[in-house]
Amino acid sequence: MPTSSVLALAPVVPVVVIEDAADAVPLARALVAGGLPAIEVTLRTPAALAAIRAVAAEVPDAVVGAGTVLTTGQVGDCVAAGARFLVSPGWTDVLLEAMRESGVPFLPGVSTTSEVMALLERGVREMKFFPAQAAGGTAYLKSLAGPLPQARFCPTGGIGPANAPDYLSLPNVGCVGGTWMLPADAVAARDWTRVETLAREAAELRRS
């Protein structure tokens, strides 16, 4: 990985749910071809670890990570499979310590000011803001920037092409996570050309 910061990899991180591990490599290749090298494969299906393993082995230009990491066991399993970053929807001290010891960059999830302060107290400055829209969206993040300017975020949850630029314009947002470049019908039809086109449009989103 060229950086120890997940937030610096790309303006948009695709959040991927893989039902069939055989789809992982062509899907990842389409995302990379479209300019989105950082790919978060969520641990929401039985195929997730196999998908991470396949992308890590067969798509060298991808930076594959694991999302929805909830347990210390998953931390070890994901890193062993080749995950190069970890993302969790929330955090506990036990999970945080496991992610810290994993040796790969990680984004623990937060949705309140107190959670942000607790992570800053523990030396963590980069976080996932989730669920972004439901937790207050850009207005909430703007409010955090004043008292807690050292915290930086990857907002995920309810973000699409219409509001992603609003998030990316904020000084405390490094990137956003989303699924809009992976419409369910395109994935089901294995329409990787459409995925690549949508990825390219997402990759062009930059901070204004």
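Just so it is clear, none of the values below were taken in a lab; they were calculated from the coordinates. These numbers were taken from a predicted model, which means no experiment stands behind them. All Cβ positions, glycine included, derive from the backbone under ideal geometry; neighbour counts span all protein chains shown.
Taking every DSSP helix (H) stretch of at least 4 residues in the chain, weighting each as -39,500 (n - 2.57) and dividing the sum by the residue count yields a mean residue ellipticity at 222 nm of -11000 deg cm²/dmol. Within 10 Å of each candidate Cβ there may be at most 14 other Cβ atoms; applying that plus a DSSP loop requirement, which trypsin sites (Lys or Arg not before Pro) in segment 1-93 survive? Answer by residue number: ARG44. What relative contact order, as a whole-number percentage, does segment 6-203 give when Cα pairs under 8 Å and 6 or more residues apart are counted? Normalised by residue count, the contact order of segment 6-203 is 23 percent. Model label points for THR193 and ALA139, set 7 angstrom from Cα along the Cα-to-Cβ axis, are 4.4 nm apart.
Taking the convex hull of the alpha carbon positions in the chain and averaging its projected area over all directions gives 10.3 nm².
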